[in-house]
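Step one of this worksheet: look at the structure below.
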Amino acid sequence: MTDYTQIRYAIADGIATITLNRPDKMNAFTGIMQQEMCAAFDAIDADDAVRAVIVTGEGKAFCAGADLTPDDGRQVFASEDEVPDLADERVRDSGGRLTLRIFQCTKPVIAAVNGAAVGIGATMQLAMDFRLASEKAKYGFVFARRGIVPEAASSWFLPRLVGMQQAMEWCMTGRVFPAEEALAGGLIRSIHAPDDLLPAATALAREIADNTAPVSVAMTRAMLWRLSAEEHPMMAHRIDSRAIFTRARSADAKEGIASFLEKREAAYPDKVSTDLPDFFPWWDEPDYK
């Protein structure tokens, strides 16, 4: 998919930017937006020139939640058709499809939250690696106030980011809160004046893109997200050991050492598309059941 209608996708100097682009609807989330965002992340992973990703919103909002007045092609919630059992694909939450796609991304993902981020507008960010917010941003995990429950796999992501007590409070009250509370609660990295938000996100993306080996970053992202959820550190030790052993013999490691000794910028030759390791479990994803 390359003809996007509800997002904009652009690449500049190795940084991809996805802009949610329904400003007249406060960038409310739809099935089409979910499909287009997933397609953009497919393009990002397939393009070795892309080193980092920024996700932001057009206009005053980041994403004000699901579009609750869908029409043809814009349905967000599961079909009302009868399904044979709850493992049917039609039951799957579209927000979860998006966060799982972001979780699987091989590039670092930065949210630049320019305004309201409510419902899926908040939960889609949880699978991103950094969240920077405008002074005008506000958050809300409002599901209990709509008679539903947290979605987009947020019951997995949110407690890992902010701790169980804070996750419980935000989800059980369903209140909308300002960027200052999001920062104090550990949800976001930093708060910026509106005009400084995208430059700050770009500076962070640039620091990663200009100084690190792409394969190392992809592996680090996968290891931190997945291994932090294991019950015992031995699983991390197994993966660390295999990763260090294989990467130490890579062309990237040779270049990293040479550039350090020669006091020059590194030019890492390995590519994410071809040089990620194949040792178990790099990286098996469970099927939906």
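One table, with the values for the structure above:
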read-out: Verdict on PRO214 being under 18 Å from the mean Cα position of the chain (by Cα) and within 18 Å of ILE110 (Cα to Cα); value: yes
read-out: Residue list for the range 253-289, restricted to those being of a type in the set (Val, Ile, Thr) and within 22 Å of ASP47 (Cα to Cα); value: VAL272, THR274
read-out: Count of the range 13-61 residues which are part of a helix (DSSP H, G or I), touching a residue at least 60 places away in the same chain (Cβ under 8 Å) and over 15 Å from the mean Cα position of the chain (by Cα); value: 2
read-out: From the options SER216, SER259, SER241, residue that is outside the structural domain of PHE157 (by TED's automatic domain parsing), in contact with a helix residue (DSSP H, G or I) (Cβ under 8 Å, 6 or more places away or on another chain) and on the phi < 0 side of the Ramachandran plot; value: SER216
read-out: When residues of the range 89-142 are limited to those that are touching a helix residue (DSSP H, G or I) at 6+ places or on another chain (Cβ under 7 Å) and among the polar types (S, T, N, Q), the one nearest to PRO159 (Cα to Cα); value: THR123
read-out: Search result, residues across the range 132-152 that are within 20 Å of ARG92 (Cα to Cα), free of Cβ contacts under 8 Å to residues at least 40 places away in the same chain and out of contact with any Pro (no Cβ under 9 Å at 6 or more places or on another chain); value: ARG146, GLY147, ILE148, VAL149, PRO150
read-out: Residue in the range 90-108 that is surrounded by fewer than 15 Cβ atoms within 10 Å (Cβ to Cβ) and among the acidic types (Asp, Glu) present; value: no
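Quick grid of which residues meet (1) in the same structural domain as ASP13 (by TED's automatic domain parsing); (2) surrounded by 14 or more Cβ atoms within 10 Å (Cβ to Cβ); (3) within 30 Å of ASP88 (Cα to Cα):
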{"residue": "HIS192", "(1), (2), (3)": "yes, yes, no"}
{"residue": "LEU198", "(1), (2), (3)": "yes, yes, no"}
{"residue": "ALA201", "(1), (2), (3)": "yes, yes, no"}
{"residue": "ARG221", "(1), (2), (3)": "no, yes, no"}
{"residue": "HIS232", "(1), (2), (3)": "no, no, no"}
{"residue": "ASP252", "(1), (2), (3)": "no, yes, no"}
{"residue": "TYR268", "(1), (2), (3)": "no, yes, no"}
{"residue": "LYS289", "(1), (2), (3)": "no, no, yes"}
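The values are calculated or read from the model by the stated rules, or taken from the named source; none is laboratory data. Everything numeric here is computed off the predicted structure, so don't read it as measured data. Cβ coordinates were reconstructed from backbone atoms using ideal geometry, including for glycine residues, and neighbour counts include every protein chain displayed.
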